[in-house]
Ligand code: HEM
Ligand code: HEM
């Protein structure tokens, strides 16, 4: 089987199963998915707090607990991102795909269009890729990677605000509030980024399941056991 250098498109069959997602990538994917869901639930409750009766806040400490869960998951989410960036350096070539878009490769750029046509039910036989298809790869970089880094930075800006000026957290992350133009801007942007990531997730889930059923290769089982299987022989 022959695959292209940058887009990992299959150029010549017969396509054989390929070990694409190594165990650390699979572990990272599911661990960050759990922390992500908990961050959205607790973040939503911080943005739209539940009604509290007078003195309830002290007896139940509900809002405090919601923030504690948010912060624990936030620290884990951040550590997982650092771990994932580290793995891009030491892992296989597919582990680097979500961080580097090979826009200099004409075949990869054409693949964005062909995949989009396939998603719109226009192109019946799109190129088959061993790693992510170029459209998914672009969304993973532009929406997931950049969105997550931005939500982590604004999150730490908010966390430093909770500690207050004249603390070391402000020494490290006070610049976020300073450069963004105020405490409320940081909060609003942090909140809006949640919707940006949820938008990514809606596409991601729809496409993963749709491609698993209608596409030419496996998807869901690949992010579980790491191996990409091809359903049809590649004729080229
Ligand atoms: C039940 C929930 C989920 C399912 C079924 C799922 C499914 C998948 C599948 C099938 C892939 C591989 C796609 C491919 O081979 O091209 C994948 C990769 C990926 N997913 Fe998910 N996913 C879920 C939750 C999430 C969440 C919550 C996020 C983050 C917001 C996320 C972010 C990613 C990223 C960034 C990758 C690329 C992995 C890499 O190459 O490092 N997923 N997911
Ligand atoms: C996917 C990741 C995350 C999501 C979806 C998320 C979501 C949210 C949302 C919706 C809010 C409410 C904002 C509002 O007041 O309207 C919030 C608040 C907050 N988040 Fe996050 N967040 C994430 C990651 C982080 C990270 C990495 C940190 C870093 C420590 C963090 C720290 C905070 C803090 C300190 C608050 C403010 C709590 C308060 O107002 O007292 N978040 N988050």
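FYI, it's all coordinate maths here, none of it is from the lab. Just so we're clear, the structure is a prediction, and the values are computed from it rather than from any experiment. Virtual Cβ from ideal backbone geometry, glycine too; neighbours counted across all protein chains shown.
Relative contact order for the chain: 28 percent, from Cα pairs under 8 Å spaced at least 6 residues apart, divided by residue count. Which of 84, 210, 96 ends up with the largest GNM mean-square fluctuation for the chain, with Cα atoms connected below 10 Å? Top of the fluctuation ranking is 210.
With bins 10 Å wide beginning at 0, the percent of Cα pairs of the range 63-120 falling in each bin runs 19, 26, 25, 21, 9, 1.
Sorted ascending by nearby beta carbons within 10 Å, beginning with the fewest, 138, 60, 154 become 60, 138, 154. Extent of the range 11-162 along its three principal axes (Cα atoms, max minus min coordinate, largest first): 69, 36, 27 Å.
Within a 10 angstrom radius of the beta carbon, how do 148, 59 rank from fewest other beta carbons to most? Let's see the in-between values first.
Numbers: 148 21, 59 8.
Ordered from fewest to most neighbouring Cβ atoms within 10 Å, 148, 59 come out as 59, 148.
Summary of the geometry: the range 1-58 and the range 65-117, compared by the centres of their Cα atoms, lie 9 Å apart.
Relative to the longest principal axis of the Cα atoms of the chain, helix 146-163 runs at roughly 10 degrees. Our helix-only sum for the chain, with -39,500 (n - 2.57) per DSSP H run of n ≥ 4 divided by its residues, gives a mean residue ellipticity at 222 nm of -21000 deg cm²/dmol.
For the chain, the longest principal axis of the alpha carbon atoms and the long axis of helix 106-119 meet at an angle near 80°. What do you get for the angle between helix 62-90 and the principal long axis of the chain? Use alpha-carbon atoms, 0 to 90 degrees, nearest ten. The helix 62-90 is inclined about 40 degrees to the chain.
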